[in-house]
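Participant: Okay, here's the structure, questions in a sec.
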Amino acid sequence: MDSLWDYPDFDAHELVHFVTDRNSGLRAIIAVHSRHLGPAAGGTRFWHYAETGEAVADALRLLRGMSFKNAMAGLPMGGGKAVILADDARTKTPEMLAAYGKAIDGLGGAYVTAEDVGITVADLVEVAKQTGFVSGLPAGEGEVGGDPGPHTSYGVFLGVKAAVRHKLGKDSLAGLHIAIQGAGSVAGGLARRAAAEGARISLADIDRARAEALADETGATVVDPSDIMTLEADVLSPNALGAILTEQSIAALEVPIVAGGANNQLATPADGQRIHDRSILYAPDYVINAGGIINVAMEYLKSGDPDTVRHAVEQIPVRLEQIWAESDRTGRNPADVADAMAQKLIGRMDGPTNEVATTTVPNLNAAISSVQRAADSLDRLTSDIRQDPQWKNGEYTSTPPGLRGALQLLYIMSSAPLVQHRDAPSRDSADAVINRFLDARMKNTDANDFLYAFDASRDSSVAC
Ligand code: NAD
């Protein structure tokens, strides 16, 4: 196998974590692309891969899209993704999910998981028994949570309408012909909404029965999966597979618009330019399909109710308009425009990077400055005790109150603000959480031991 850094999809990913649990048979890869905007969020895929290298490539490839998706959706979350490597029989046990939950927990909040292909809400309930870093859990009435699919399909529907407005100058889908690839969760929601607005729908799914059931419900026409990409229509909406827009398939398109929810639709970056050269309006996939992750993130952050989620999903057309306006102004294709906007948002201004020169140096600088910051912080941490007269140069007979200040600083330095915001969203609840922590630690922490532990860590080498 190639080294990780040589994979074509490697893009200065911050962390790639390989998990093996012998007892349950779990094998998984948890990968984090960027935490520039917050903890890395993205679903777990449960899939059978012919070889491990394919699983690594899949995790890396899906990841950059997640960073871009979360950034463009305006979420305070970075991009993460995980794959569980299924065996031939696709065995999935509670023990395996428990081991997976422990592995996520061990990352301390660097990665927050949710559903992806092969992982259900019920699976996540198992995972959540081991870790709080999980979202997409069942929601009660009036709460945010549950299956992200309906939110994704609502965003895709709004994105299709925005594309129709931009390209065809029409405010309604009435009388338009929409060709939909797939008849699953996202495609189904789109088909129902488009049909309700009076659109004529053609759809295809390799699962013929699924396609026919959706067609019965929406009055759509079922076509052969091999014909859907070449149908003459107003919109092609891919909602099944990735990498379907290739040099050959783009040349055969008979539509003015491609707008759908499938991830990674462009087989290569060059295909974004090819589709643009044919004057076909393209809705960048990670922008139009962000509805689900918006719901997942808001559930995790406990930062709203279903109305807040709906309002956030309704910003998707606004973002698409910004991309298309910039594309019209500059002549750059929408996929490139979206990538550049997303790169800027995640602090990687120089475009896609897997060259050493543009990735190693900033990481090294960041490491050096974090070591300096750590040394300064150690002085601040210990000074609350040393400057406390009741510390008596270490000869105290009762706990010096300065220890409380030191513990409070330690709590703040080692905390993950977003996670804490989730657990204690108001000032009063935050005070209560911190006071509980301090009361407990004051009972079992010795001030001199505290000083000794922190002074000793000054000599530890980050290179070890
Ligand atoms: P799903 O599994 O419910 O539906 C996918 C459907 O595509 C299935 O019915 C499958 O039979 C069909 N399909 C597979 N290969 C096909 C082919 N060659 N031709 C026609 N149909 C084919 O999945 P979903 O949740 O609806 O997701 C659809 C796409 O949207 C996927 O690419 C997914 O990654 C992406 N997406 C989904 C969400 C979400 O919240 N569900 C979020 C973002 C992106």
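The values are calculated or read from the model by the stated rules, or taken from the named source; none is laboratory data. Computed from a prediction, not measured in an experiment: that's the story for all the values here. No Cβ is skipped: glycine too gets one built from the backbone with ideal geometry, and neighbour counts run over all protein chains shown.
Participant: The conditions are (1) more than 14 Å from the ligand (Cβ to nearest atom); (2) assigned to a loop (DSSP other than H, G, I, E, B); (3) under 25 Å from Ala312 (Cα atoms), and His166 fails exactly one of them. Which is it?
Facilitator: Among (1) more than 14 Å from the ligand (Cβ to nearest atom); (2) assigned to a loop (DSSP other than H, G, I, E, B); (3) under 25 Å from Ala312 (Cα atoms), His166 violates only (2).
Participant: What number of residues in the range 113-122 are within 16 Å of Ala139 (Cβ to Cβ) and either in contact (Cβ under 8 Å) with a residue 40 or more places away in the chain or outside the structural domain of Met66 (by TED's automatic domain parsing) (or both)?
Facilitator: 2
Participant: With the condition kept exactly as written, say whether any residue in the range 267-281 is modelled with pLDDT of 95 or more, closer than 27 Å to Gln322 by Cα and near the ligand (Cβ under 9 Å from one of its atoms).
Facilitator: The answer is no, given that none of the residues of the range 267-281 is modelled with pLDDT of 95 or more, closer than 27 Å to Gln322 by Cα and near the ligand (Cβ under 9 Å from one of its atoms).
Participant: I would also like to ask the following. Please note which helices (runs of 4 or more DSSP H) are completely contained in the range 223-289 and include at least 1 residues that are within 16 Å of Gly159 (Cα to Cα).
Facilitator: 285-288
Participant: Based on what the data block shows, is Leu231 assigned by TED's automatic domain parsing to the domain that holds Leu320, closer than 24 Å to Ala290 by Cβ and either buried (at least 17 other Cβ atoms within 10 Å of the Cβ) or small (Gly, Ala, Ser) (or both)?
Facilitator: No; evaluated as a whole, the condition is false for this residue.
Participant: Out of the range 139-163, which residues are within 13 Å of Val318 (Cα to Cα) and under 20 Å from the mean Cα position of the chain (by Cα)?
Facilitator: Gly155, Val156, Gly159
Participant: Which ones in the range 2-30 are within 13 Å of Leu85 (Cβ to Cβ) and touching a residue at least 24 places away in the same chain (Cβ under 8 Å)?
Facilitator: Val19, Asp21, Ser24, Gly25, Leu26, Arg27, Ala28, Ile29, Ile30
Participant: Separate question: Could you check how many residues of the range 224-238 are in contact with a helix residue (DSSP H, G or I) (Cβ under 9 Å, 6 or more places away or on another chain) and without any contact (Cβ under 8 Å) to a residue 40 or more places away in the chain?
Facilitator: 1
Participant: Tell me the residue from Ser415, Ser370 that is assigned to a loop (DSSP other than H, G, I, E, B), within 40 Å of the chain's Cα centre (by Cα) and modelled with pLDDT under 65, please.
Facilitator: Result: Ser415 is the single residue among Ser415, Ser370 that is assigned to a loop (DSSP other than H, G, I, E, B), within 40 Å of the chain's Cα centre (by Cα) and modelled with pLDDT under 65.
Participant: Modelled with pLDDT under 95, farther than 18 Å from Gly149 by Cβ and within 13 Å of the ligand (Cβ to nearest atom): which single residue out of Ala243, Ala179, Ala204 fits that description?
Facilitator: When all the criteria are applied, what remains is Ala243.
Participant: Could you tell me whether any residue of the range 190-200 is within 12 Å of the ligand (Cβ to nearest atom) and within 24 Å of the chain's Cα centre (by Cα)?
Facilitator: Within the range 190-200, one or more residues are within 12 Å of the ligand (Cβ to nearest atom) and within 24 Å of the chain's Cα centre (by Cα).
Participant: On to the next question. Against the definition (farther than 28 Å from Gln322 by Cβ, surrounded by fewer than 21 Cβ atoms within 10 Å (Cβ to Cβ), within 14 Å of the ligand (Cβ to nearest atom) and aliphatic (A, V, I, L, M)), how does Ala213 come out, yes or no?
Facilitator: Judged against the criteria, Ala213 is a match.
Participant: Name the residue that is modelled with the lowest pLDDT, counting only residues in the range 119-163 that are charged (D, E, K, R) and more than 11 Å from the ligand (Cβ to nearest atom).
Facilitator: Glu141
Participant: Now for a different question. Starting from the range 388-401, take each residue that is closer than 12 Å to Asp446 by Cβ and list its partners that are at pLDDT below 90 and β-branched (Val, Ile, Thr), counting only C-beta distances under 6 angstrom and pairs at least six apart or across chains.
Facilitator: Trp391/Ile385
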